[in-house]
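The values are calculated or read from the model by the stated rules, or taken from the named source; none is laboratory data. Nothing here was measured: the structure is a model prediction, and the numbers come from that model. Heads up, the Cβs are rebuilt from the backbone with ideal geometry, glycines too, and the neighbour counts pull from every protein chain shown.
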Amino acid sequence: MRGAQSMARLAKLPPIHADLHACTMCGACVPVCPAYQEAGWESASPRGRVFALRQYDMRGPLDRILRRQVVPGEAFARAAWECTGCGACEEVCPADIPFDSFWDDVKGWMVNSGFARKELEPYLVNVQETRNLYGEPHEDRAKWMPAEAVQSSRPEVVYWVGCVASYRKQQIAKAVVKILNAAKVPYRILGAEEWCSGAPLARMGYEDYVRKQLMRHNIEAVAETGAKALVTACAECYRAFRKDYRTWGGNPPFSVFHLSEYIERLVREKRLTFTKPLPEKFAFHDACNMGRVCGAFEPPRRAIKYLKDVKLLEMFPAREDALCSGGGGGFPDVYAGQAADVASRRLQAAADTGAGALVTACPHAEVHLERIARDRNMAVRILDLAEVVVQGL
């Protein structure tokens, strides 16, 4: 906390007053918070941050006269980003406080008040300048596309590739194209017209930029193709179109599917069949933005179970209670050690199942988990769901 200097810098508190005071301080959110589990400090928990915010919101004239330290400053700003954006606190909250959007608003407030995290600013600059998180050449966004691929001028679906699959995990993008081709789905990608969906940025405190600069373009770019559906293999992008844009009034005029949901549809319509045996054991990691945030727990599990001879194993905890990978919300950049420890626990949970690989539907989680497995010499193989599914065609 800081004193009068911070008070002069703080922007107007976002419209969180009712939710802020709905908290009963019961502490249900404390033990489920990945950051608290690693740090052990109350300030790292949702309840701790709510308490600090409420003290600020309830400050009176005497607090100002006596210069009591009830004004959020640098210490609170750091605590605001001690959050992976996993949604576990909202899942267990008995007062039904929408913490998922609540913490986005708080981080945005801190950014607007001059307390942005310098570790995260390069991501915003990259998207502003190159339309992707990594600062890679925008014209290379579709460079991974196989030369023999045939896109449709009248697509049934737009395949939304995402920043990770476009630049870091291109095997995911190629696997999705193979799946769509196998089902004879007329599709197209947007190439340079695809901009970052903005979901990672919104969790970092840059929601205003995503809402004002990215959302409209992305919705219009898809709509202009005439496609009736968008398909993505990225949990972050799925969340952007499925929840964020709609919450902000974007209302995409097309259906939004995660790849796993679309696979279910293709199987039901008998357009996609799996013939190759895949006698392996896979441990499934629930992506926070797909599971807790959007409620899609079963589609990825069913998509894997369509494969012949596959044995799907559950990690502990799973579904609503699943532990975050630690890779979201800019957490690894601000709290590298804690993020690595969270990931290590998840990797160990996968190893404990005896599975040959951990499978996830979130490329961002895959990149983070792979890095930690490599850095800590953990012999856990990490695969994307698309990479697994394509092996069964």
(Q) Whether any residue in the stretch 337-357 is within 19 Å of Tyr123 (Cα to Cα), aliphatic (A, V, I, L, M) and outside the structural domain of Pro31 (by TED's automatic domain parsing) is what I want to check. (A) yes
Q) Is there a residue being outside any loop (DSSP other than H, G, I, E, B), acidic (Asp, Glu) and surrounded by fewer than 22 Cβ atoms within 10 Å (Cβ to Cβ) anywhere in the stretch 333-340? A) yes
Q: Could you please give the count of residues in the stretch 248-259 that are modelled with pLDDT of 95 or more and among the polar types (S, T, N, Q)?
A: 1
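For (1) within 26 Å of the chain's Cα centre (by Cα); (2) surrounded by 14 or more Cβ atoms within 10 Å (Cβ to Cβ); (3) at pLDDT 90 or above, each residue gets a yes or a no:
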residue: Asp19; (1), (2), (3): yes, yes, yes
residue: Cys29; (1), (2), (3): yes, yes, yes
residue: Val32; (1), (2), (3): yes, yes, yes
residue: Ser45; (1), (2), (3): yes, yes, yes
residue: Tyr56; (1), (2), (3): no, yes, no
residue: Gly60; (1), (2), (3): no, no, no
residue: Asp63; (1), (2), (3): no, yes, no
residue: Gly73; (1), (2), (3): no, yes, no
Q | Residue, surrounded by the fewest Cβ atoms within 10 Å (Cβ to Cβ), within the stretch 360-384, restricted to residues that are part of a strand (DSSP E or B) and over 16 Å from the mean Cα position of the chain (by Cα) | A | Leu383
(Q) Please pick out the residue among Ala88, Ala80, Ala95, Ala183 that is closer than 25 Å to His368 by Cβ, touching a helix residue (DSSP H, G or I) at 6+ places or on another chain (Cβ under 9 Å) and modelled with pLDDT of 95 or more. (A) Ala88
Q. Would you call Tyr167 of a type outside the set (Val, Ile, Thr), touching a residue at least 40 places away in the same chain (Cβ under 8 Å) and either assigned by TED's automatic domain parsing to the domain that holds Met290 or in contact with a Leu (Cβ under 9 Å, 6 or more places away or on another chain) (or both)?
A. no
Q. Which pairs have Cβ atoms under 8 Å, sit 6 or more apart or on different chains, and link a residue in the stretch 210-225 that is touching a residue at least 40 places away in the same chain (Cβ under 8 Å) and within 15 Å of Gln128 (Cα to Cα) to one that is among the small types (Gly, Ala, Ser) and surrounded by 13 or more Cβ atoms within 10 Å (Cβ to Cβ)?
A. Leu214/Ser197; Leu214/Gly198
**Q.** Residue list for the stretch 116-142, restricted to those being aliphatic (A, V, I, L, M) and within 18 Å of Asp105 (Cα to Cα)
**A.** Ala116, Leu120, Leu124
**Q.** Residue within the stretch 111-122 that is closer than 18 Å to Arg54 by Cβ, among the β-branched types (Val, Ile, Thr) and in contact (Cβ under 8 Å) with a residue 60 or more places away in the chain present
**A.** no
Q) Which residues, taken from the stretch 292-317, are part of a loop (DSSP other than H, G, I, E, B), over 22 Å from Arg242 (Cα atoms) and hydrophobic (A, V, I, L, M, F, W, C)? A) Leu307, Val310, Met315, Phe316
Q: Could you check how many residues of the stretch 230-276 are surrounded by fewer than 20 Cβ atoms within 10 Å (Cβ to Cβ) and over 18 Å from Arg301 (Cβ atoms)?
A: 17
